[in-house]
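Before any comments, here is the structure.
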Amino acid sequence: MDVRRWLSRGVDAIEDWQAGFGPFERDASLRVSDEQFAGAFGEFTERLRENYPFFHPSYAGQMLKPPHPAAVAGYLATMLINPNNHALDGGPATARMEKEAVAQLAGMFGLATHLGHLTTSGTVANLEALYVARELHPGRGIAYSTEAHYTHARMCGVLGVDGTPVETDEAGRMDLGGLDRVLAGGRVGTVVATAGTTGLGAIDRVHEVLAIARSHGVRVHVDAAYGGFFILLAGLEDRAGLDEAPWRAIAGCDSVVVDPHKHGLQPYGCGAVLFRDPDVGRFYLHDSPYTYFTSGDLHLGEISLECSRAGAAAAALWLTFRLLPPTPDGLGRVLAAGRRAALDWAELISDSERLDLYQRPELDIVSYFPATRPRSLSAIDEASARMLAEGMADGSHPAYLSALRVAASDLARRHPGVEPDRDGARILRSVLMKPEAESYVRELHTRVEQLAYLDHAP
Ligand SMILES: Cc1ncc(COP(=O)(O)O)c(C=O)c1O
């Protein structure tokens, strides 16, 4: 699609709608001339050049990519109106779109019933799930793995709830024996399983976590902020297909978070939380003296902790789902390409003399480190940091990677031959979340091998 054309059509459509309300004078205080704007805009676009090229396959670093052009067109057109999805009073059209898009997410997870809404981020979505966890089990804490996103511990602090980290196994998944021991203490009310950890893309065995939790009368929340859309690959015959068990178990858990602004092709400002039991809406009950007047239907603010939220975020997601729905044949094809890219690169790294694979990728995150001589943690740490910096600084043939700090014990479990001369090391990590990564993997590998040259010299 030609995004310029559709942006301009979006402006036309909104102006056409506005014209129906009759002419009026824009206030002089808001007036900006084209010359004034040109100066400021020139400076502004120059400042934006400081960014890394998230759109390009040479950017194989953090969990970042531009939104789909359909989302951009939907967001920008809606932004000209700027509806607020807090209430039907502020965003009647986009609040309805939000409910429809959230229902599609619920369908993707196989939830038979749901109560849910979009949020501004995965962190806020998880906060809501932990808030409900606290209300349902007052006085009891929350357990999550040591590889869970760092915000779970922070949000437990915010909520005044005890947070208990559970150790992980050799693949970075929650250790089931460790979980059983923690839950046996009787002080935990909810366990957070992560379906796709931020660092390594490891998938906690949600089905087994759920069975253990239920045997202790404990609830389960699934943090699938990053990994959630990979459910579209569960059970596929394709090489990118994933073991179904953890993904299908999500439908039996109590809540789940997924971030459309990660793998759902959306701009930032789009997370989502879904509860299986719509009855938890009672924990959100509040009175707003200013809103909820225009309709007897549910206003999204009535079931969320946030007040104002961009209707444009819901509009962009709704429009994107019209074109690339959350189905295996829709959005699933985008995720499958990234996963195949990660599997292909892992194979190349396994055959490389200059690089070592940290662990086999489960989703689209590849973790690796230079095969340094000596093979020590301090050499790996320094070489990884150098490769990260040199890759980004090379103007003619850049490679944008990211780093991951791992503990000496975690590295030793996977690579017992590495000399543990310090307590941890930075290794390298690439999130291959653009489907274009698949055809670029060889080039990326060659470049990263070149970056490792110094450390491989005899
Ligand atoms: C598993 C997981 N949970 C939560 C978050 C936090 O999401 P956000 O950055 O949207 O607040 C992330 C971010 O990467 C994540 O990967």
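Hey, can you tell me all the residues within the stretch 100-121 that are of a type in the set (A, V, I, L, M, F, W, C) and either assigned to a loop (DSSP other than H, G, I, E, B) or within 17 Å of ALA225 (Cβ to Cβ) (or both)?
As a first pass, look at the stretch 100-121 and keep what is of a type in the set (A, V, I, L, M, F, W, C): 101-103, 105-106, 108-109, 111-112, 115, 118.
Within the stretch 100-121, ALA101, VAL102, LEU105, ALA106, MET108, PHE109, LEU111, ALA112, LEU118 meet the criteria.
Per-residue answers, yes or no, for (1) open to solvent by 30 Å² or more (accessible area, probe 1.4 Å); (2) on the phi < 0 side of the Ramachandran plot; (3) away from the ligand (no atom under 13 Å from the Cβ); (4) acidic (Asp, Glu):
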| residue | (1), (2), (3), (4) |
| --- | --- |
| GLY122 | no, yes, no, no |
| TYR131 | yes, yes, yes, no |
| GLU135 | yes, yes, yes, yes |
| GLY160 | yes, no, yes, no |
| THR168 | no, yes, yes, no |
| LEU176 | no, yes, yes, no |
| ARG181 | yes, yes, yes, no |
| LEU200 | no, yes, no, no |
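Among the residues of the stretch 260-279, those identified as in a loop (DSSP other than H, G, I, E, B) and within 17 Å of ALA129 (Cβ to Cβ) are CYS270, ARG276, ASP277.
For the stretch 336-358, filtering for residues that are of a type outside the set (D, E, K, R), touching a Pro at 6+ places or on another chain (Cβ under 9 Å) and in a helix (DSSP H, G or I) leaves 8. So which residues in the stretch 210-239 are closer than 17 Å to ARG340 by Cβ, of a type in the set (A, V, I, L, M) and outside any helix (DSSP H, G or I), if there are any at all? ALA234, LEU236 - these are the residues of the stretch 210-239 that are closer than 17 Å to ARG340 by Cβ, of a type in the set (A, V, I, L, M) and outside any helix (DSSP H, G or I). The residues listed here are LEU64, LEU105, LEU48; of these, the one that is within 16 Å of the ligand (Cβ to nearest atom), aliphatic (A, V, I, L, M), open to solvent by 20 Å² or more (accessible area, probe 1.4 Å) and more than 22 Å from SER295 (Cβ to Cβ) is LEU64. Of all residues in the stretch 373-394, which are of a type in the set (A, V, I, L, M, F, W, C) and either farther than 21 Å from ALA407 by Cβ or open to solvent by less than 20 Å² (accessible area, probe 1.4 Å) (or both)? Matches in the stretch 373-394: LEU377, ILE380, ALA383, MET387, ALA389, MET392, ALA393.
Total residues in the stretch 183-198 satisfying the condition of being surrounded by 16 or more Cβ atoms within 10 Å (Cβ to Cβ), over 30 Å from SER402 (Cα atoms) and not β-branched (Val, Ile, Thr): the figure is 2. Counting only residues that are open to solvent by 10 Å² or more (accessible area, probe 1.4 Å) and not in a loop (DSSP other than H, G, I, E, B), the stretch 359-372 holds 1 of them. So for the stretch 281-293 (the condition being away from the ligand (no atom under 16 Å from the Cβ), of a type in the set (Gly, Ala, Ser), at negative phi and modelled with pLDDT under 95), does at least one residue qualify? There is at least one residue in the stretch 281-293 that is away from the ligand (no atom under 16 Å from the Cβ), of a type in the set (Gly, Ala, Ser), at negative phi and modelled with pLDDT under 95. Under 6 Å by Cβ, and 6 or more places apart or on different chains, what pairs join a residue from the stretch 49-75 that is more than 29 Å from GLY199 (Cβ to Cβ) with one that is among the aromatic types (Phe, Trp, Tyr) and open to solvent by 30 Å² or more (accessible area, probe 1.4 Å)? Correct list of pairs: ALA73/TRP6.
The values are calculated or read from the model by the stated rules, or taken from the named source; none is laboratory data. Please read all numbers here as calculations on a predicted model, not as lab measurements. Heads up, the Cβs are rebuilt from the backbone with ideal geometry, glycines too, and the neighbour counts pull from every protein chain shown. Heavy atoms of the whole protein, side chains included, go into the accessibility calculation; ligands, DNA and RNA do not. Shrake-Rupley method; radii C 1.70, N 1.55, O 1.52, S 1.80 Å.
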